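Data block below; observations after.
The values are calculated or read from the model by the stated rules, or taken from the named source; none is laboratory data. Model, not experiment: these values are computed from the prediction. All Cβ positions, even for glycine, are placed from backbone atoms using ideal geometry, and neighbour counts span all protein chains on display. Note: areas computed on protein heavy atoms with side chains; ligands, DNA, RNA excluded. Shrake-Rupley method; radii C 1.70, N 1.55, O 1.52, S 1.80 Å.
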Amino acid sequence: MAETLIGLEHIDLTFNPGTVNETVLFTDFNFKVDKGEFVSVVGSNGSGKTTMLNLICGTLSPEKGRVMLEGNDITKMPEYKRARRIGRVFQDPAKGTCPELTILENLALADNKGSLFGLSRGVNRSKLDYYKELVAQLHMHLEDKMDTKVGALSGGQRQALALVISTMTPIDLLILDEHTAALDPQSSETVMELTLDVIEKKKLTALMVTHNLRYAVEYGTRLVMMHDGAAVIDSYGKDKSAYRIEDLLKTFNEISIECGN
């Protein structure tokens, strides 16, 4: 029997309670991810995809229910402490890196995540070869640009670097928050290939939210479609492999019609 890594248990969450804009998103919502899974999540805007990620990472807190990590209740654990065990790559390349710092400085910061160290002491140049080796695996020639400010890189390069940064230290879960949405098609393909390579080499558990239905079909071991705060599709293994883009579009269109869209 598979071992559960992360779980949302009996979650209630309402946005803008007591106002004319009150929106009940989750009511007794339950969701779990087992160790070793690579879950692809799709759904319309407002379906609960990103909110689910925010609950797991600690950006949001539920009104009721619990967030569990390996059987331990982390509902009240602050976001920065969860970040020691949960890596996250955001849609915006600027969120996963520090644009005013160099590639080398960004890697040094990530390498010291969760440790006490002073920025004033500077970067340990003795680790330069190690950091170069890390970025060389991206095949983007960033190892020759270690003193380049990250803000000067392309979006694809920054997302690839953010992927390295989020997985430099040992983590239990990799969160991919529409991490290819802001990229051009070629960069998106490159970043997805790198993502799969990192997940497989490091044997990570991963949860990916995406608007790209092809990526949802082609990548991952489990496929989830969210709608109105619930999972309307949750498919594993062979059943997941049998899904086609047309199947997802059909379900998505049926939902839209039911909602009057």
- Note on the structure: Which residues qualify? For residue 96, with a placed amide H closer than 5 Å and at least 5 residues away or on another chain, they are 90
- Within region 199-222, find all residues whose amide N lies under 18 Å from a label point positioned 7 Å from the Cα of residue 238 along Cα-to-beta-carbon. 221-222
- Task: For an R0 of 45 angstrom, estimate the FRET efficiency from the Cβ-Cβ distance between residue 10 and residue 189 and round to the nearest 0.05.
- Result: 0.70
- Query: Given 5 Å bins starting at zero, what is the percent of C-alpha pairs of the chain in each, up to the one with the largest pair distance?
  - Reply: 1, 6, 12, 16, 18, 16, 13, 9, 5, 3, 1, 0, 0
- Calculate the spin-label point distance for residue 132 paired with residue 45, positioning each point 7 Å from the Cα along the beta-carbon direction, and give it in nanometres. 4.6 nm
- Message: What is the sum of charges, Lys and Arg at +1 and Asp and Glu at -1, for the other residues whose Cβ falls under 10 Å from the Cβ of residue 62?
- Response: -1
- Could you do me a favour and compute the accessible area per residue for region 188-261, 1.4 Å probe, result in Å²? 54 Å²
- Amide H of residue 5: which non-local residues (sequence gap of 5 or more, or other chain) have their own amide H closer than 5 Å, using H built in the peptide plane? 33, 34, 35
- So how far apart, in nm, are the two label points at residue 32 and residue 218 if each is 7 Å from Cα heading toward Cβ? 3.2 nm
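Is it possible to state the helix-based mean residue ellipticity at 222 nm for the chain, with each DSSP H run of 4+ residues giving -39500 (n - 2.57), the sum divided by total residues, to the nearest 500 deg cm²/dmol? What is it?
Theoretical 222 nm ellipticity from helices: -9500 deg cm²/dmol.
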- Here the alpha-carbon Rg of region 181-261 over 2.2 N^0.38 Å rounds to 1.20
- Hits in region 41-63: amide N under 13 Å from the 7 Å Cα→Cβ extension of residue 251, namely 41-44
- Given R₀ = 25 Å, FRET efficiency for residue 75-residue 1 by Cβ-Cβ distance, to 0.05? 0.50
